[in-house]
Amino acid sequence: MSRYTSATETDRQEMLAAIGVESIDDLFADVPEGVRLGRPLDIAPGKPEQEVFARLRDLAAKNVSAEDEISFLGAGMYDHYVPALIDSILSRSEFLTPYTPYQPEISQGGLQVMFEYQTAISELTGLPVSNASVYEGPSAVAAAGWLAHTHTKKTKFLVSESLHPHSLETLATTSAGWGTTIEMLPVVNGLTQLDEVVGDDVAAIFVGQPNFHGAIEDIAALSQFKGSALLVVQADPLTLGVLRSPGEDGVDICVGEGQTLGNRLDFGGPSFGFFAASQALLRRMPGRIAGETTDVDGRRGFVLTLQTREQHIRREKATSNICTAQALNALAGVIYLSWLGREGLVELGELLVSRTHYARETLAAIDGVELWHDQPVVREFALKLSKNAHEVVEFCSARGVNPGFAFDDNGLLVAITEQRSKADIDRLAEVLKEALA
Amino acid sequence: MSITENQLHADPSIEAHELHPQRSAVIETEQQRDHAKTIYEKSKPGRRAFVAPELDVPKHELPAKFRRAEAPKLPEIAEPEIVRHYNRLSKRNFDLDSGFYPLGSCTMKHNPKLHERVAALPGHARLHPLTNPKRAQGALELMHSLQVALGEIAGLPHVSLQPSAGSHGELAGVLVTRAYHEDRGDFRTKILTPDTAHGTNPATVTMGGYEVVKVGTNADGGVDIEDLRAKADDQVACLMLTNPNTLGVFDANIEEIAKIVHGVGATLYYDGANLNAVMGKTRPGDMGFDIVHYNLHKTFTQPHGGGGPGAGPIAVSDRIEPYITKPQVVKLEDGTFDLDFDRPKSIGRLRGFQGNFGVFVRSYAYILSLGGDGLQEASELAVLNANYLLAKLRELGVTDLLPPAYDRLCMHEFVLSGAPMKRELGLKTLDLAKRLLDHNFHPPTVYFPLLVEEALLIEPTETETKETLDAFAEAMAEILREGAEDPEIARNAPYGTPVRRLDEAGAAKRPVIRQPL
Amino acid sequence: MADASYPDDLKYHTEHDWARIDGDTAVLGITWYAQDQLGEVVFFDPPEVGTSITAGSPYAEVESVKAVSDVIAPLSGEIVEVNDGLKDSPEQINEDSYGEGWLVKIKLSDASEADGLMDAESYRQSLS
C-alpha cells in the first residue's frame, strides 16, 4: 500500500461490494482490450521517503548554484535575497494547497492577496489595470502581442533588437498562426531607434526597460512615435522604484518577469509574469482578475471578476486560453514588496544603481574590456571583451566567480544584486583581468 | 424547519452573530474587527521591515530625466504585522490539507510534504537557469529522468517539459500540429473539439490561428462517431480529446476515432487533465494519440498554490518530434546531459529558460516515491473511490434528486445533474454547493460540463479515505433532507464562512480591481 | 425585475429580440424572456454608430456574471444611435427591457423585413 493512499484490503472489498463488481479491473471494462497496457509500467518500484530524499539531495549536489560561487549571472533572473518571512508564509497549507478561488466565501485570503497584488503592480507600473499574474515574463510579452493584435486588428509587430531574446522567440513561436509579422527596430549604442510615427499597420511596439543590454530606454521619446499602435514595455519590476513609471510615459501595456520580487531562481521557474495595462484595455486582459465587492450582510469581500473574458465562459472567443494565475508566486511578490516597503524599494534601487555603476567603471578599466554601450544603467550592463566571452566565463567560473552571461562571441552581461558586495565586484575584476591577460 | 438556537450551538461552524446581530453575548474579536483590511490600510509612514545593506561604493545617481519623482505607494509596515496580516488572510482560505476537495477535473490529491523540502534544497532553489549545463548536471539529469518517466506513462517517447500549465501545453500541441502540417506544405484551417471539452481547448484553437469545429456527444457520453466522420475532412488539422472525457466516461470507441482522424491526415491531441484515471492501465500513445499534455499540478502533485504555479509538459510521437520546443534536455553518449538548441524544425520556445523546474522536482520525487506499480495503483484507487462515492450516493438516495448524467460505471470522476433537485425542491446546484461549505467540504465543480443541466462534477481522488467519502455522501443527503423541509436554508447558505454570498454582479458592473491609494 | 411582459406595439424575433419600428427607423432590444434567461446584466458591448447590421446575425453582446450572449439583429440597417446610458446602468436591460433598457437605434435598409417578424401574441406562444 502506498503511503499516500489509505484503502486497506477490507476497505477495497467493502467498496467493491457496494459498487457491485468483483474486482478493480471490472471498473476498467470500458477500456478496449486493444489499448490496454497489459504489463507493468517500465518505471522502478516505489521507494521509501528517505531514499527519495537522498536521491534528490544527490542530484541537487551536482549543481553549482549561487550558493557555491560568486555569481553575476542575470539576463532575466537575478539572485536577490529572499527574506525568511516569505518561506514561512508560503509554506502555510492555506496558501500552498487550495485550487483557484472558485468558491469566494472560503477563498477570501487568496482573493484579497490577488487584490493587494494587483494594487502593487498598478502602483509600480503606473497603469490602472493589473491582472492577478500570468505564467512568467516572455510568455507575458507574447500575451501582450495577442491582446494588441485582437484589439487593433493589425498585423505587424515592431520589436526592439534589445528586447530580451527569450521574449522575441516566445512572441515569434506563439504568433505562428495569427497572420502577423515581426519587424526589428535597430539599436544604436544601446538604444532602440525610432524617429518617425510608425505605420498604421502596426499592432504593437515591444521594448525592454531596462533592455537586454542593461540600457535605460527613453520610453517617453519612443511613445511619441507609437501612432495607433500599442506600446508594450517589458520591465524589471524591481527597478521601478527608481525609474519613471511606464504609465506616465504613455505605455499601453507593461509586462515582465516577476522573479526579482521575492521568488527563488529555481533554475528558471516557477515564478510569475505581471501584466498591467491602460483602462481602455480592461476587457481585453488575459487571466484572472480579483475585484472588491460586498456580501449579503454588507461585509467587504473579494471575488474573481470580469470572468466573461475567460476561456471557461467565452471559449473560442476568450481573450486568452490561460486559466491559472501564478497565485503562490504572486503572493511571494506582494509579501516581498511589503517587506521592502515604499522607501525600501527606492533604497534598494539606489544601491543597485551605485554598485552597478561602480562595477561598470571598475571592469571597463581593465585592458581588453570595452563598454557595449554608454547609456545609463540600473542593475546590469553589457561589456565587449577582447576574448571569446564563453571561454572567459569558463575561466572565471573555474576560479569561483561566475562573471555573467556570455552572448554573441564577445559580449558579457554582468548583473548586480544587493547580494554582490564591493568586495565581490573587486574579486570579479581581478579574475576578469587574469582571464583577459 | 428553521434554524434554531440549539442547532446554532450544536454547529460551531455557524457564527451566531451573523444570524442574530442583536446578540450581545458574542464578542467581536480583533480579527473580526480587522475584517478584510488590506495591507495598505495597515501602513504607516516610517515603518519598515527592510534594512538595506551598507553602501560600500561611491554614491551614483541616475540622470534626472529617468528618475521617478514619487515612489510607488507600497505599504510601510514592520515584519511582525506583515506576518500577522498574511497569517490572518490564510485563515480565510479553505485548503486541501484541511479538508476534502472533490473539485472535478482538478485532481485535488494530497501534496506530499517531502516535495517542498527537496524543491527548497539550495542546489535547486538557487540554481540560475543560465548556468552552463556542465555545472547544472543534476538539474538536467532530473529533467531527463522525468522526461523518460512521463514518456513511459503516456506511451509517447518524446517529452518537452517547457509549457508552464495545461493551457500552455495545449497551445504547444496546436503549434506543433501546425508546424507538422506546414512542413509538408499542407495548410489546414480547422480543429475539432467535442462539445464536452474544457473551455481551454476552443480558446487555445483560436490562439493557435485555427477555426473551432464542435463535435457532438453520443448517448453514452462519448464522441458522436457519425458527426465526427461528417466533420473530419482534409481541412482538419487536429482533434483535441480528453479520455476519459469531462463526463468521467472512457470513450470505448477510441480506436475507431483515431482511425477516422488519422484517415484524414490530422493529428490526435490528448488533453491530460484526466490522466489520473488511467496510469498503468492504458496509455494515450497506445490509443493512437500523437500529442499529450500532462498537468503536473493535477496528476503529479504540484500543490495548486491557490491557482498556480503548475506545469504542462507535452509528449509526442516520432513524427511530431522534430517540431517540439527548444531547448531540449538530451543525454549524450558519454552519459552527461546537455541542452540541445540545434533543432531546425522546432517551433521555438514558448517561455523563458527551461520551464517550471521547481515543479519538475516535485513531480519527479512523486514518481520516485510511487514507482510504476504505485502509479498504477493510484489510478485504480482513484477510479475505485469515484465509483464507491457514486454507489454511496445511490444508497443514500441522493441520486434520486441528483441523478448521474450517465448511469454506468465511471472512471475517476462522475457528473450528477441537479435538474430534478431544482424542479422538486427549488434548489439549484449552486445552493447545494454553498450549503456544503457549512459542512466544511469544498464543493465539487459546478455548472461544468455545460452539456449537463445544473451539473456537479465530482472527483474524489485516490488519497481520500472511505470514511471521508462516507461523510461527504452523508452531508449531501443531509442537505437534500433539509432542503425538502426548508429550502430557504440552502438558498441563503453559507452561514459559517468568513463572508457569505458575495455580490458578483456588482463587482462586474463597476469593477474595483485595485485599491485607490 | 418586473413580471413577464411582451408589449403589443413591438415586433419580435425568434432569438428573443424586439423592434419598435417608426417609419424607416427602429429601436432594438432584448425581450423580457431573454433578460430573465441571462440573469443580471453587468455589461453591454455596443456596436459603433455607422456600422451595418444584418437581420439574423449578431451585432452586439450582453454579459451577465457568468454568461455572454450574442444579440441578434431582428432587422437589417445602419446603427444611428446606441444607448449610452447602459454604460453606467446595464441593469436597465433587466429592469426596463422595453424602455430605458433599449440597445440601439437603426435606420432600416429593408422595411419589408418586418413582415417576417412575430407579433406579441405569436412570440408569447413560441415561448410556451
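The values are calculated or read from the model by the stated rules, or taken from the named source; none is laboratory data. Computed from a predicted structure; not experimentally measured. Positions of Cβ are backbone-derived with ideal geometry, glycine not excepted, and every protein chain shown enters the neighbour counts. Side chains included, ligands, DNA and RNA excluded: accessible areas come from the protein's heavy atoms. Shrake-Rupley method; radii C 1.70, N 1.55, O 1.52, S 1.80 Å.
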**Complete:** Residue count, the stretch B:88-116, condition within 7 Å of chain A (Cβ to nearest Cβ) and outside any loop (DSSP other than H, G, I, E, B), comes to 6
**Asked** Can you find even one residue in the stretch A:390-404 that is open to solvent by 60 Å² or more (accessible area, probe 1.4 Å), closer than 17 Å to A:Arg355 by Cβ, in contact (Cβ under 8 Å) with a residue 12 or more places away in the chain and assigned to a helix (DSSP H, G or I)?
**Response** no
**Message:** Going by what's in this entry, would B:His124 be described as more than 7 Å from every other protein chain (Cβ to nearest Cβ) and touching a residue at least 12 places away in the same chain (Cβ under 8 Å)?
**Reply:** no
**Request:** Give me a count of the residues in the stretch A:405-423 that are buried (at least 18 other Cβ atoms within 10 Å of the Cβ), out of contact with any Lys or Arg (no Cβ under 9 Å at 6 or more places or on another chain) and under 17 Å from A:Arg355 (Cβ atoms).
**Result:** 1
**Asked** Within the stretch A:97-112, is even one residue of a type in the set (Val, Ile, Thr), without any contact (Cβ under 8 Å) to a residue 24 or more places away in the chain and over 30 Å from A:Asn402 (Cα atoms)?
**Response** yes
**Request:** Have a look at A:Thr119, A:Thr100 and point out the one that is at negative phi, of a type in the set (Ser, Thr, Tyr), touching a Lys or Arg at 6+ places or on another chain (Cβ under 9 Å) and not in a helix (DSSP H, G or I).
**Result:** A:Thr100
**Prompt:** Among the residues of the stretch B:446-486 satisfying the criterion of being free of Cβ contacts under 8 Å to residues at least 40 places away in the same chain and touching a strand residue (DSSP E or B) at 6+ places or on another chain (Cβ under 9 Å), which is nearest to B:Ala378 (Cα to Cα)?
**Reply:** B:Val446
**Message:** Out of B:Ala477, B:Ala473, I need the residue that is more than 12 Å from chain A (Cβ to nearest Cβ) and among the small types (Gly, Ala, Ser). Which one?
**Reply:** B:Ala477
**Asked** Out of (1) hydrophobic (A, V, I, L, M, F, W, C); (2) within 28 Å of A:Arg288 (Cα to Cα); (3) open to solvent by less than 30 Å² (accessible area, probe 1.4 Å); (4) more than 7 Å from every other protein chain (Cβ to nearest Cβ), the odd one out for A:Leu96 is which?
**Response** (4)
**Enumeration of residues in the stretch B:178-201 that are open to solvent by less than 30 Å² (accessible area, probe 1.4 Å) and modelled with pLDDT under 95** = B:Pro194, B:Thr196, B:Ala197, B:His198, B:Gly199, B:Thr200, B:Asn201
**Item:** Of all residues in the stretch B:153-199 being assigned to a strand (DSSP E or B) and of a type in the set (A, V, I, L, M), the one that is farthest from A:Thr173 (Cα to Cα)
**Value:** B:Leu192
**Message:** Tell me yes or no: at least one residue of the stretch B:386-399 is closer than 30 Å to B:Met143 by Cβ and open to solvent by 10 Å² or more (accessible area, probe 1.4 Å).
**Reply:** no
**Asked** Any residue in the stretch B:323-342 that is out of contact with any Leu (no Cβ under 8 Å at 6 or more places or on another chain), among the basic types (Lys, Arg) and in the same structural domain as B:Ile291 (by TED's automatic domain parsing)?
**Response** yes
**Request:** Would you mention how many residues in the stretch C:56-79 are part of a loop (DSSP other than H, G, I, E, B) and either within 14 Å of chain A (Cβ to nearest Cβ) or open to solvent by 40 Å² or more (accessible area, probe 1.4 Å) (or both)?
**Result:** 6
**Prompt:** Considering the stretch C:1-54 alone, what residues qualify as being open to solvent by less than 40 Å² (accessible area, probe 1.4 Å), more than 11 Å from the chain's Cα centre (by Cα) and under 14 Å from C:Leu117 (Cβ atoms)?
**Reply:** C:Tyr6, C:Pro7
**Message:** Can you find, within the stretch B:251-295, the residue that is surrounded by the fewest Cβ atoms within 10 Å (Cβ to Cβ) among those that are of a type in the set (S, T, N, Q) and assigned to a loop (DSSP other than H, G, I, E, B)?
**Reply:** B:Asn253
**Item:** Residue in the stretch C:80-109 that is farthest from the chain's Cα centre (by Cα), counting only those that are β-branched (Val, Ile, Thr) and open to solvent by 10 Å² or more (accessible area, probe 1.4 Å)
**Value:** C:Val80
**Prompt:** What about B:Gly308, is it over 19 Å from B:Leu127 (Cβ atoms) and of a type in the set (Gly, Ala, Ser)?
**Reply:** yes
